[in-house]
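Every read-out reported here was derived from the displayed coordinates using simple, explicitly stated rules and does not represent laboratory data. Everything quoted here is computed from the prediction, not taken from an experiment. Here the Cβ is made from the backbone with ideal geometry for all residues, glycine too, and neighbour counts use every protein chain on show.
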Amino acid sequence: MCGIVGYIGQRDVFPILIKGLKRLEYRGYDSAGVALLNDSLQVYKKAGKVSDLEDFVASQNMTSATIGIGHTRWATHGEPNDRNAHPHLSQDGKIALIHNGIIENYGSLKTELESRGHVFKSDTDTEVLVHLIEDIYHNANGIAFEEAVRMALSQVVGAYAVVIIHTDFPDLLIGARKGSPMVIGIGEGEHYIASDAAPLIEYTRNVVYLNDGELAIIDHNELTIKTIDNVIKTPYIQELEMHLESIEKGGYEHFMIKEIFEQPRSVYDSIRGRINVMDQSVEMAGIKQYENKWMNLKRIIIVGCGTSWHAGLVGEYLFEDLARIPVEVEYASEFRYRNPVVGEDDLVIAISQSGETADTLAAIELAKSKGATIFGICNVVGASIPRASDAGAYTHAGPEIGVASTKAFTAQVTALILIAIAVGQRKGSLPKDRVRTLLNELETIPSKIEKALESNDLIKVIAQEFKDSRNFLYLGRNYGFPVALEGALKLKEISYIHAEGYPAAEMKHGPIALIDEEMPVVVIATNHSNYEKVLSNIQEVKARKGKVIAVATEGDTIMRNMADYVIEIPDCDEVMIPLLATVPLQLLSYHIAVMRGCNVDQPRNLAKSVTVE
Ligand code: G6P
């Protein structure tokens, strides 16, 4: 959470910072600020979106500069107002700093600094860090400024990605990271620094990902990397694979709807190159690498948060069903703070779109320390989770900008289906003809998603009817249950309507009490193993005057007579349900949120990349 961007070179810095911040706004959007350095520092900060900052700066007498830093905030310490917005300044006003993360020991550092005469202007942990750097710089005789930064950071407990500038050093930008991502873009006589590659992509394709515990000392021409323990490192320059079109709206009104409609392509990209048509098998490097381990597993533990946790739940059903391996699915935040029984015999699958979620990363570290093998399933290439994993698979969904996850979920499920088939096949728990059926089926899924998207207009009508509801219930059984959870989460996230997902049979153990004529109930009612049981659940809802919106298999005439609204999806193998049935639920949430006037791409209080625990 929080997006940071910095530049040093010859260009006018302000437009670079503003454009970069807009691309990083998915990381937080409750306030924004910039600091520009020419002879002195010009600092502009505003509560609200990056566009509010832009409007504010337009009314000011800003002088152009060629070095600067910018920040878009997701508040942790201190409410989102102008005062708490970043950048924060040192007491003498000469150092400006932006920060993503949490300084956990800021309380004790603050007390110490206050006793030495420092006065703080904000409620943030970040301001303490910039004062600490200043204090060390002034009191340790004659040390280099970068050395003061390094010494200050070594006193910090917590997570950070920071960028710092100083008025006395007009050709210097210092960046550092521990637990929060940071990438440096290398241009001709210029450097960029940001939380991810989106702000740099139109200027350079050469990047260096900073590792945890590293500092980057940057001038317009040179980049030096050293560790927090003062060891010089050689920068490893990589070429970016991202394309500009993939991070722009491309004619759609919102990123979310663009990403929903991208799913035929993103699911195809997740499958691409992984099916060996000749011998009808799945080829995944991450499985080959640990083949023995996968074959002899007693148990898999899946960790994740939010939507990724829902994909993990699908994973549980898949691995049990297709590979006959017992699975436990854990919220990363719970797993890491319990005393979990995990060891060398276990394989832990960590699922994450961003690859930066703090709790998932910590769960990985814990499992690793106990000897488990880590398999990461991640969308963002080069992120911290894949780097901390022993092996893994990228989901190849392309950049996901809308805060509510859509195409990343279906890509995660696709990767899990492929892995479960690969393991089931190798273990012999899946007969050859079943493997063939599944692989053939998987290849038809992109066009079936295309078909499912054709319900968009009908879904708009349903959204109109239910947009003012105060509650929603989502029900499903077997593979439909994680879909129900994901549908409810989507609605909550972007429309602020209370929604709960339940296993359909559990309805009678509580939620049934909520049902009346005001209550829309979305039921995943496809023509699969529990079809009759789900029909009975629908009857129970109808008997209490609830309104039923069914997601059903196309051509289901029984459902047409029973439910108030039927959204049809193409017939598919039961294990593929999450890939198809989730799509109309994403659309339903989207249209309801738009009709309610909500900001679907940047829902209140949320952030896409949760780098604080
Ligand atoms: C946040 C996002 C969700 C996401 C979750 C886990 O809450 O808003 O969309 O599912 O984090 O993120 P990850 O990047 O680990 O999948």
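Toward the positive end of the charge dipole of the chain, about the Cα centre and with charges on Cβ (Lys, Arg +1; Asp, Glu -1), which of Y590, N530, I174 goes farthest? Towards the positive end, the residue furthest out is N530. Between region 561-613 and region 305-354, the C-alpha centres lie 23 angstrom from each other. Where does the Debye-calculated log10 I(q)/I(0) of region 1-111 sit at q = 0.19 Å⁻¹, using only Cα point scatterers of equal weight, no solvent? Log-scaled intensity ratios, in q order: -0.93. Residue order for S59, S429, S589, fewest other beta carbons within 10 angstrom first, comes to S59, S429, S589. A simple spin-label model places pseudo-atoms 7 Å from Cα toward Cβ; at K432 and M62 they are separated by 6.7 nm. Each Lys and Arg contributes +1 and each Asp and Glu -1, all at the Cβ; summed about the Cα centre of region 55-166, the dipole is approximately 120 debye. Taking 0.36 nm per residue of sequence separation and removing the Cα-Cα distance, the T444/H509 pair yields an extension gain of 19.6 nm.
Available extension along the chain between K368 and E147 is 76.3 nm, counting 0.36 nm per residue and deducting the alpha carbon span.
Kindly work out what percent of the DSSP beta bridges joining two residues of the chain are antiparallel, to the nearest 5.
Taking every DSSP beta bridge within the chain, about 60 percent pair in antiparallel fashion.
Can you give the charge dipole size of the chain about its Cα centre, rounded to the nearest 20 debye, using +1 on the beta carbon of Lys and Arg and -1 on the beta carbon of Asp and Glu?
Numbers: 59 positive and 82 negative charges, 201 e Å.
Roughly 960 debye for the chain.
Principal-axis analysis of the Cα atoms of the chain puts helix 407-427 at an angle of about 60° to the longest axis.
Past the 26 Å Cα-Cα mark, which pairs from K448/K545; K19/K45; K19/K467? Flagged as over cut-off: K448/K545; K19/K467. In the chain, the calculated helix contribution to ellipticity at 222 nm averages -11000 deg cm²/dmol per residue, counting -39,500 (n - 2.57) for every DSSP H run with n ≥ 4.
A cut-off of 5 Å between modelled amide H atoms, ignoring neighbours fewer than 5 places along the same chain, links V551 with V523, I524, A525, I567. Between A285 and T557, the distance separating the two model label sites (each 7 Å from Cα on the Cα→Cβ line) works out to 5.3 nm. To the nearest 10 degrees, how steeply does helix 577-595 sit against the main Cα axis of the chain, on a 0 to 90 scale? With both axes taken from Cα atoms, the answer is about 60 degrees. Taking a Cβ cut-off of under 12 Å around G487, the surrounding Lys, Arg, Asp and Glu residues balance to a net charge of -1, with basic ones at +1 and acidic ones at -1.
In this rough spin-label picture, where each label sits 7 Å from Cα along the Cβ direction, the E114-K451 distance is 6.6 nm. With the charge dipole of the chain set up from +1 on Lys and Arg Cβ and -1 on Asp and Glu Cβ about the Cα centre, the Cα lying farthest toward the positive end among the listed residues L361, L37, I143 is that of L361. If I fit a long axis through the Cα atoms of helix 306-318 and take the longest principal axis of the Cα atoms of the chain, what angle between them do I get, 0 to 90°, rounded to 10? Roughly 40 degrees, rounded to the nearest 10. For the chain, the residue among A543, H220, Q238 whose Cα projects farthest onto the positive side of the dipole built from Cβ charges is A543. Treating r as the C-beta distance of H138 and H243 and R0 as 56 Å, the FRET efficiency rounds to 0.75.
Could you size up the charge dipole of region 343-462 around its Cα centre, putting +1 on the beta carbon of Lys and Arg and -1 on that of Asp and Glu, and report it in debye to the nearest 20? Write down the numbers at each step before the final one.
On the way: 12 positive and 14 negative charges, 68 e Å.
Using only the charged Cβ atoms, the result is roughly 320 debye.
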